[in-house]
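Worksheet for the structure shown next.
The values are calculated or read from the model by the stated rules, or taken from the named source; none is laboratory data. Keep in mind the model is a prediction, meaning the values are calculated, not measured. Cβ placement follows ideal geometry from the backbone for every residue including glycine, while neighbour counts extend to all protein chains displayed. Heads up: the accessible areas ignore ligands, DNA and RNA and are worked out on the full protein's heavy atoms, side chains in. Shrake-Rupley method; radii C 1.70, N 1.55, O 1.52, S 1.80 Å.
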Amino acid sequence: MFIDLAKSNRRELPRCDVAVIGAGAAGITLALELEKSGLSVVILEGGYRDYTELSQDRYKGEVTAGPGFTYPDLDVWRLRYFGGTTNHWIGWCRRIEENVFGPRTNDLGNGWPFARADLEGDYQDALEICTLGRDVFDANELLGGLGAKNLIPSSDILATPVWRFPKELRFGGYYRIRMQESAVPIYFGANCQGFSFEEIDGRTSARKLHIKNDLGVDFELTADCFVLACGGIENTRQLLVAANDVKGLRQSDTLGRGFLEHPHGAVGAVMCGDHAPEDLVGFTDYPLDIDKTQFKIGLGLSEEFAAERGMINTSFTMEPLESIPEESLHGEALRKLWESSRPSATKSASSHVIGLYARTEQRWNAESRISLISAKDDLGSKRARLDWRVSDQDVADIKTSLEMVAKELMKAGFGPVTFGDPAEFVTMEGGGHHLGGARMHESPDHGVVDANLKCHAVDNLYAVGGSAFPTAGFSNPTLTIVALAVRLARTLKERL
Ligand SMILES: Cc1cc2nc3c(=O)[nH]c(=O)nc-3n(C[C@H](O)[C@H](O)[C@H](O)COP(=O)(O)OP(=O)(O)OC[C@H]3O[C@@H](n4cnc5c(N)ncnc54)[C@H](O)[C@@H]3O)c2cc1C
């Protein structure tokens, strides 16, 4: 049921069990899962069913990045309307690597407060919610299904991670009718402005949610529990605002810190060598699985191999070099090769040159952070500032991984390999993945939310989404965000 808050006469919205703030991948999933439970649920969505300039403007902020790094303005890689940023995501999906959940070495962060196996049931639901088809992420099995040979088999050193792509890409489009017909009210133009808190016997809880509609008119909502599902940066921004009243949110001094991205960019290229490009099914293209969902196979170091060396997890996907945009090439040698592989150059050379496009992890870094600035949006809320930092060790690990993957490719009959310039890796871009900022940890001394995504410092306030990731691996995050929303729905059903 869609309701335009600008048309509501009631300033005090009807009380509910669970108020979900944000209708992106996390918020839609949570509401649909909770709908089955008999709990009364309401979604407050800042935007409308379709894009509006006014709503999008509230995502503007300030961005800085470490020397050499660049990051787009905060309203470029976020969308503020029904469906959220999945309105322009690309749909790369896979589970996060298993080692990311466990304790990590070499400054790689604390790991997650539960094992990946504990999330498996929720991942199963998330695969369905994201319309990813059958649960097959094994390169041999996928290629076998197509009758194709795997020219680059995995080994103790080399991994061949697989991504699947949704049959229905746009959450907003796909779930619109279901949400419209659902008993869960979605208030559009409902901009979360913060909470009032109350303290009883030393315990803090959120009493009321304060909301403004697009005209700046105030509304209030009382609920048993509130869930922030506003995307990684906005969740953190809302918690930074709340921390003015609830000092405990800052107990661990991690609120706003540890913003994580996935450094992306073409950092190498390889010649097909003994092989014909058309034999690289799944590696250089995006074929259809037997169930008609697309998949893609990448390359990387095996988790065990990287972990033994205390390195971040990395992956490289193979794309025909000429198809990679020039601005994504890192290093002069790569740019020259790219020039020579353009369609205007000799055709025979072009199709044999394959770019190696990095999609990697970065270490948890306290200096990589989200904060509030004094500039305010039209509704009077302080805007966010992002300072993205990637450590020198991360860049060194990307280079080492690429060299090791290149050796494995040469063993498999590919080559020669051209490397990008490591000095230029520091101009790598992100992937639009906003992770960290309100990390999960069992202890309030080390994290903002607990393993159930509840704020340690507030008894009935939860934050679901990328903000909770303590470390991120290299896998694109949305499948895991959806799995976390399913997990949270289970938690709330048990608690309320
Ligand atoms: C270019 C691009 C490509 C991407 N490709 C991939 C990919 O291939 N694979 C992948 O896994 N991920 C990808 N992502 C990331 C993916 O889009 C996000 O992980 C996902 O959208 C996060 O879901 P979410 O529900 O946490 O947040 P969002 O989808 O951002 O939803 C947040 C919702 O909260 C609402 N909101 C915000 N502030 C307020 C407020 N104050 N009050 C009320 N409502 C509010 C917003 O309007 C929005 O609807 C990509 C991102 C970008 C930018």
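Please verify whether segment 296-312 includes one or more residues that are closer than 15 Å to V136 by Cβ and under 23 Å from the mean Cα position of the chain (by Cα). Scanning segment 296-312, I find at least one residue that is closer than 15 Å to V136 by Cβ and under 23 Å from the mean Cα position of the chain (by Cα), so the answer is yes.
So that you can scan it fast, the table gives a plain yes or no per residue for (1) among the charged types (D, E, K, R); (2) surrounded by fewer than 24 Cβ atoms within 10 Å (Cβ to Cβ):
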{"residue": "I211", "(1), (2)": "no, no"}
{"residue": "D218", "(1), (2)": "yes, yes"}
{"residue": "E234", "(1), (2)": "yes, no"}
{"residue": "A243", "(1), (2)": "no, yes"}
{"residue": "V246", "(1), (2)": "no, yes"}
{"residue": "G258", "(1), (2)": "no, no"}
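Filtering segment 184-200 down to residues that are of a type in the set (S, T, N, Q) and either open to solvent by 20 Å² or more (accessible area, probe 1.4 Å) or over 17 Å from V42 (Cβ atoms) (or both), which residue is nearest to the chain's Cα centre (by Cα)? Of everything passing the filter in segment 184-200, Q193 is nearest to the chain's Cα centre (by Cα).
All conditions but one from (1) assigned to a helix (DSSP H, G or I); (2) within 30 Å of C192 (Cβ to Cβ) apply to T400; the one that does not is (2).
So that you can scan it fast, the table gives a plain yes or no per residue for (1) β-branched (V, I, T); (2) closer than 28 Å to H433 by Cβ; (3) within 16 Å of the ligand (Cβ to nearest atom); (4) modelled with pLDDT of 95 or more:
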residue	(1), (2), (3), (4)
E339	no, no, no, no
P343	no, no, no, no
K347	no, no, no, no
H352	no, no, no, no
E367	no, yes, no, yes
L372	no, yes, yes, yes
K376	no, yes, yes, yes
S381	no, yes, yes, yes
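Within segment 73-88, being under 26 Å from R134 (Cα atoms) and either more than 6 Å from the ligand (Cβ to nearest atom) or surrounded by fewer than 24 Cβ atoms within 10 Å (Cβ to Cβ) (or both) holds for G83, T85, N87, H88. Considered as a group, the residues in segment 100-115 that are surrounded by fewer than 18 Cβ atoms within 10 Å (Cβ to Cβ) and without any contact (Cβ under 8 Å) to a residue 60 or more places away in the chain include one that is farthest from the ligand (Cβ to nearest atom), and that residue is P103.
Yes/no per residue for (1) over 30 Å from L169 (Cα atoms); (2) modelled with pLDDT under 95:
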site: L221; (1), (2): yes, no
site: L228; (1), (2): no, no
site: G231; (1), (2): no, no
site: R237; (1), (2): no, no
site: M271; (1), (2): yes, yes
site: H275; (1), (2): yes, yes
site: L288; (1), (2): no, no
site: T293; (1), (2): no, no
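Residue count for segment 471-496, restricted to those that are open to solvent by 10 Å² or more (accessible area, probe 1.4 Å), over 24 Å from H446 (Cα atoms) and among the aliphatic types (A, V, I, L, M): 1. Listed conditions (1) touching a residue at least 40 places away in the same chain (Cβ under 8 Å); (2) within 28 Å of G265 (Cα to Cα); (3) assigned to a loop (DSSP other than H, G, I, E, B); (4) not charged (D, E, K, R) are all met by L142, apart from (3).
Using the structure shown, decide if G258 is at positive phi and modelled with pLDDT under 95. Against the criterion (at positive phi and modelled with pLDDT under 95), G258 does not qualify. Here E53 fulfils each of the conditions (1) touching a strand residue (DSSP E or B) at 6+ places or on another chain (Cβ under 9 Å); (2) surrounded by fewer than 17 Cβ atoms within 10 Å (Cβ to Cβ) apart from (1).
Taking each residue of segment 398-411 that is of a type outside the set (S, T, Y) and looking for partners that are assigned to a helix (DSSP H, G or I) with beta-carbon atoms closer than 7 Å, six or more apart or interchain, yields I398/F425; K399/P422; K399/F425.
At least 1 residues being of a type in the set (S, T, Y) and open to solvent by less than 10 Å² (accessible area, probe 1.4 Å) is the threshold, and among the helices (runs of 4 or more DSSP H) wholly inside segment 263-376 those reaching it are 347-350.
A quick yes/no check of all residues on (1) of a type in the set (A, V, I, L, M); (2) farther than 20 Å from C230 by Cα; (3) away from the ligand (no atom under 12 Å from the Cβ); (4) crowded, with 20+ Cβ neighbours inside 10 Å:
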{"site": "G24", "(1), (2), (3), (4)": "no, no, no, yes"}
{"site": "G27", "(1), (2), (3), (4)": "no, no, no, yes"}
{"site": "G38", "(1), (2), (3), (4)": "no, yes, yes, no"}
{"site": "I43", "(1), (2), (3), (4)": "yes, no, no, yes"}
{"site": "E98", "(1), (2), (3), (4)": "no, yes, yes, no"}
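Residue-level check: of (1) away from the ligand (no atom under 12 Å from the Cβ); (2) in contact (Cβ under 8 Å) with a residue 12 or more places away in the chain; (3) not in a strand (DSSP E or B), Y59 misses just (1). Before we move on, is G68 touching a residue at least 40 places away in the same chain (Cβ under 8 Å) and touching a Lys or Arg at 6+ places or on another chain (Cβ under 9 Å)? It is false that G68 is touching a residue at least 40 places away in the same chain (Cβ under 8 Å) and touching a Lys or Arg at 6+ places or on another chain (Cβ under 9 Å).
Taken across segment 158-173, residues that are open to solvent by 30 Å² or more (accessible area, probe 1.4 Å), within 14 Å of the ligand (Cβ to nearest atom), farther than 30 Å from M440 by Cα and part of a helix (DSSP H, G or I) do occur, with at least one present.
Taken together, the residues in segment 187-226 that are in a strand (DSSP E or B), away from the ligand (no atom under 11 Å from the Cβ) and not aromatic (F, W, Y) amount to 17. Of all the residues in segment 420-434, those that are outside any loop (DSSP other than H, G, I, E, B) and either modelled with pLDDT of 90 or more or open to solvent by less than 50 Å² (accessible area, probe 1.4 Å) (or both) number 4. May I ask you to verify whether L409 is away from the ligand (no atom under 15 Å from the Cβ), open to solvent by 10 Å² or more (accessible area, probe 1.4 Å) and touching a strand residue (DSSP E or B) at 6+ places or on another chain (Cβ under 6 Å)? Considered against the rule, which asks whether it is away from the ligand (no atom under 15 Å from the Cβ), open to solvent by 10 Å² or more (accessible area, probe 1.4 Å) and touching a strand residue (DSSP E or B) at 6+ places or on another chain (Cβ under 6 Å), L409 comes out as no.
None of E181, E141, E128, E120 is over 25 Å from the mean Cα position of the chain (by Cα) and within 25 Å of R490 (Cβ to Cβ) except E181.
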